[in-house]
Structures are given as C-alpha cells and as structure tokens.
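Student: Sharing a structure here in structure tokens format.
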Amino acid sequence: MTHSHFSPLKTSLENTNLLQKLASNKHPLLQTSITMFHVYLFLLSLSLCFLPHIVFSSHCTTETSTKTFQKCMNLPTQQASIAWTLHPHSSTLELIFFGTFISPSGWVGFGINPTSPQMTGTNALISFPDPNTGQIVLLPFILDTTVKLQKSPLLSQPFDNINLLSSSAAMYGGKMATIHNGAPIQIYAKLKLESNKTKIHLVWNRGLYVQGYSPTIHPTTSIDLSSIATFDVLSGSSSSSSQHTDLTMLRVIHGVLNAISWGILLPTGAITARYLRHFQTLGPSWFYAHAGIQMFGFILGTVGFGIGIQLGKMTPGVEYGLHRKLGIAVFCLGALQTLALLFRPNTTNKFRKYWKSYHHFVGYSCVVLGFVNVFQGFEVIGASRSYAKLSYCLGLSTLIGVSIALEVNSWVIFCRKSKEEKMRKEGLIGTSSDKGSSGIHI
C-alpha cells in the first residue's frame, strides 16, 4: 500500500529499527573495512596524543658558559625556559631567558610586567640581528596599548617601572653562530627588585621580522598569545603551570576528537553511502554502516565542540576568529543532518526528492568545512609542521585515493550498464531479470 502523506513519527521509528541492525551485521567486506578503520583511528589518536610535546619539549638548565644559576624553570610555550639567582641581601635578581628564533630576520624577547600578567605595560628586552652589521643587538622596549593596535612602529626606550642594572644577549656558539629558524639565544638581565617583592609576571615571545630597529607583531596563535607566567623567584613556584597544563590537555582532547569525527568519520560515512550501495552483495549493510558511522562521528564531534566552547571561556583574551566560526558552522550542519535522519520520508513519498537534495547538500557542506577547520585547528595550536598533522594528511590522502578509485569503478559500471541497455533495446542481447537490489535507498 502506497502512502502519499508524510509521517515523521513512523519514519523515526523505522529508522531506529534500521540502526539497531548494525550490531548484528556480519558481511565480510563490511567487517574487514571496519577492522581496518579501527586500526587507522588508533594510529591517528596515538599520533595526535603527542601534541603536548609541542608545548612541553624543553629542559631547563641552571648552567651557561659564563654563569651558574640557583634555579631554573621550563616555560609553558615556545620551548622556552629561564634560570635565575636571587640575592636577598641586595634585592637583586640575575635572570637569563632561553629562547629560539623562528626566522633569520626575526626577533626574540622577554620582559616583566610590574603590575599584571599581560603584555600591555611590560618592560621587555628584545634581541634581533642588526640590520647593518648582522650582529646580535639587545634593546629595551615598553609595550603600551599602541603595540596591539599597530598604529606606529615600536621604538626602543628605557624602562620606566623596572630598575635594570645590566643586560646582554648571546647566541649559542658565540660570534660564529648564525641566526636561522630554531637558532637558540640567551638573554641575560640583572634587576633591582622592590623590597619584599619576589613574585614577578614574566612575558615572552618571538616574531618573524624586524623593520629597521622596530620588531613587528608576533604570530597570534593561541600558543603565542599564552606566553605569560607568574612565578615566585624565592620559592620557584608558578601559578600558571597547572592552569596551562589543563589547557594543553583540553586542547589535545579537543583536537583528537574533532580530527577523528569531522575530519575522518563523517567523510568515511559519506563515502560509504555514495559508493558501497552499488555493491548488490552487501544488501542493506551499506546503509547501516553509513548511519552508524555518521551518528558516532556526530557524537564525538559534539563532545569536541563542547570542549572547544569551554576552551574559549578559559582563555578570554585569545581570539580564535575563523576557527571558531567554522566550528560553529560545522556543528550546526552536523546537527541538521542528524535531525534529517529522524524525518526521512519513505521512497514513495512525494517529498523524498527534496529531502535527498537537502541531505546531500548539507552533508557535503559539512564534510568540506570539517576538512578546512581541522587544518585551521592545526594552525591555531602551532602544530602546522607536526607529526600529528602529517598523520592526518596521510589518512586524508588515503580517503581521497579510495574515493577516486571507487568513483572510477562507479563510472565503469555505469558505462557498462548503459552499453548493455542500449544493446538490449536494439535486440543484440536478450533481456534478463534484476538480480536484486540494495533494499534501502537514500
């Protein structure tokens, strides 16, 4: 009996029953694909879990070629560290900062904010190659509100709220060392502290270019914008370490979940629906696999999206811009696709063709934007050249290769069937009955 009306409740119950068949399906090709897919997801998760080493990969030292300091501490970003010696009787602090260049024409600097843990108001020492001689120079700068706005070049000027006694900068290897991407540098400063004040707000960063003797703005990834720490030079404790560790782990979990869900599972589900339904031996298995993969991917993506929202609340001063907008768009499209499953009309319903057009358009839009946002996420966390990104690219290349092979196979089958149909109409070959159908259409 044919129903011309549309019943959302009945359709929803029917689709729920279909999804329940996923667990009992035992087709060999489907089971092999699922096993291989589980292995890849494990390898991808394992590689993405190495992301914390992007942040925590430096080892602090108390010794240099000229001095030995009392204490040292790893800084939470940019593979930087510091070492220091406090002289309580004279209220002086000897401090050395260990950083690395990210460009042959770049700069590296650190400073102290006398009032609060932020860039604005920081008295900074910035080192870069002299544009005339190429030798390392070290100049003092005061980072006021105009620095963020970039209204005018940053000009060197003496410190106003920090009593700087002496300072110097040196490359590892001395005068024979060359400046390149990853070149290490040491910046030394001797300061006069206020009486009974041992807690300082440290700010550090690095940039790509210097215009004359004016450093340009540093990169604005979340890692670079988080280069701030408050610590006590007497006890060596840092109030920023535990919070940054929590942020780092949340970023890793957020990245792993979203790369697997939006970047791998949803495209795999789309490939399953587009190509496997043409294999008649699979029967309705392709539909169960498609629905199950997409549902599982959306659940993981929802968790990752929620963690991303929480990360935004925990870092109010960090602007994620495009990554955040794309994330919201992808999640909304994924939610619309999930709701579409509950209101899927049967094959004889007159609204079926409109539902299919909607389903395909929203689905492919979600997949494309998901790809883009995964790569945007790697840029945000400063992992654009990491093994995690390489692993994801290899997986994505595999999906693309499989899609191309299946697309070619689909066209070969289509052309062959068209030729057979033409010959059948011309009476060159006999007619044959259908050998079966997939049973479920989408």
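Student: Can you compute the FRET efficiency between Lys425 and Leu336 using 1/(1 + (r/R0)^6), with r the Cβ-Cβ distance and R0 = 51 Å? Round to the nearest 0.05.
Tutor: The formula returns an efficiency of 0.75 here.
Student: Find the centroid of the Cα atoms in the range 354-401 and in the range 201-231, then give the distance between the two in whole Å.
Tutor: Answer, in whole Å: 30.
Student: Sticking with this structure for a sec: Taking the solvent-accessible surface of protein heavy atoms with a 1.4 Å probe, what is the per residue accessible area of the range 63-237 in Å²?
Tutor: Counting only protein heavy atoms, the per-residue value for the range 63-237 is 47 Å².
Student: Can you run the Rg to Rh ratio on the range 63-237? Use alpha carbon positions and the Kirkwood inverse-distance Rh.
Tutor: 0.93
Student: How much length is gained on full extension from Ser156 to Ser365, taking 0.36 nm per residue of separation minus their Cα-Cα distance?
Tutor: Contour length minus Cα-Cα distance gives 70.3 nm.
Student: Regarding the range 56-157, what's the average projected area of the Cα-atom convex hull, expressed in nm²?
Tutor: One quarter of the hull surface, i.e. the mean projection, equals 8.5 nm².
Student: Given a Förster radius of 56 Å and the C-beta distance between Tyr172 and Asn346 as r, what FRET efficiency does 1/(1 + (r/R0)^6) yield to the nearest 0.05?
Tutor: Calculated transfer efficiency: 0.20.
Student: Just to confirm a number: summing +1 for Lys and Arg and -1 for Asp and Glu over residues other than Gly106 whose beta-carbon lies under 14 angstrom from that of Gly106, what do you get?
Tutor: -1
Student: Then there is this: Below 15 angstrom from the Cβ of Val372, what's the summed charge of the other residues (Lys, Arg +1; Asp, Glu -1)?
Tutor: Once all neighbours under 15 Å are counted, the net charge is +2.
Student: Taking the Cα centre of the range 63-237 as origin, sum charge times position over the Cβ atoms of Lys and Arg (+1) and Asp and Glu (-1), and report the length of that vector in debye to the nearest 20.
Tutor: So the magnitude is around 60 debye.
Student: Past 31 Å, Cα to Cα, is the threshold; run Lys325/Lys356; Lys313/Lys389; Lys151/Lys313; Lys313/Lys356; Lys350/Lys417; Lys353/Lys417 against it and keep the listed order.
Tutor: Beyond 31 Å: Lys313/Lys356.
Student: Determine the gain in length on full extension of the stretch Gln118-Ser105; use 0.36 nm per residue of separation and subtract their C-alpha separation, reporting nm with one decimal.
Tutor: 2.1 nm
Student: Could I ask something else about it? Would you please give the residues with an amide H less than 5 Å from that of Lys71, counting only those at least 5 places away or on a separate chain, with H modeled from the backbone geometry?
Tutor: Trp84
Student: Taking 0.36 nm per intervening residue step and subtracting the Cα-Cα distance, what contour gain separates Thr145 from Ser410 on full extension?
Tutor: Extra length available between Thr145 and Ser410 comes to 89.4 nm.
Student: Next question. How do the peptides 280-293, 156-169, 258-271, 357-370 rank, highest first, by the average count of neighbouring beta carbon atoms within 10 Å per residue?
Tutor: The packing order, highest mean first, is 258-271, 280-293, 357-370, 156-169.
Student: Let me know the charge dipole size of the range 282-390 about its Cα centre in debye, to the nearest 20, where only the beta-carbon of Lys, Arg (+1) and Asp, Glu (-1) is charged.
Tutor: Dipole magnitude for the range 282-390 comes out near 360 debye.
Student: Let me make sure I get this right: for the range 300-415, a, b and c are the square roots of the gyration tensor eigenvalues over alpha carbons, sorted descending. Under 1.5 in a/c it's rounded, otherwise prolate if a/b > b/c, else oblate. Which is it?
Tutor: Oblate.
The values are calculated or read from the model by the stated rules, or taken from the named source; none is laboratory data. Just so it is clear, the model here is predicted, and its values are computed rather than measured. Methodologically, a virtual Cβ is constructed for each residue, glycine included, from the backbone with ideal geometry; neighbour enumeration extends over all protein chains shown. Side chains are part of the model used for accessible areas, which takes the heavy atoms of the whole protein and leaves out ligands, DNA and RNA. Shrake-Rupley method; radii C 1.70, N 1.55, O 1.52, S 1.80 Å.
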